[in-house]
Amino acid sequence: MSDEKQPTFEENLTTLETIVSQLEQGDIPLEQALDQFQKGVALSKSLQATLQDAEKTLTTMMKDSDQEVAFETPQGGNGDAD
């Protein structure tokens, strides 16, 4: 069994921000830049999946009668409040 602790969303986001910063500076060797880029893409996909899961969780709430009711999602930003 592995006792390795999975990094949190915030830790992964910080790591991704560090990678982006390093790549933007452009002062790392090409091989390291490619490796960092690949890690960044993988982190980005993982973070996006986490956000999508959180969105699914938050778009549903339980009523007192235990029925799930989806929150209204604004479409197009019309905001007609007549």
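The values are calculated or read from the model by the stated rules, or taken from the named source; none is laboratory data. For clarity, every value in this text was computed on a predicted model and none was experimentally measured. Because the Cβ atoms are built from the backbone with ideal geometry, glycine has one as well, and the counts that use them run over all protein chains shown.
Structure notes:
- In segment 34-57, the condition of being modelled with pLDDT under 90, surrounded by fewer than 10 Cβ atoms within 10 Å (Cβ to Cβ) and under 22 Å from the mean Cα position of the chain (by Cα) is met by at least one residue.
- For segment 1-33, a residue qualifies if it is of a type in the set (D, E, K, R) and surrounded by 10 or more Cβ atoms within 10 Å (Cβ to Cβ), and the qualifying residues are Glu11, Glu17.
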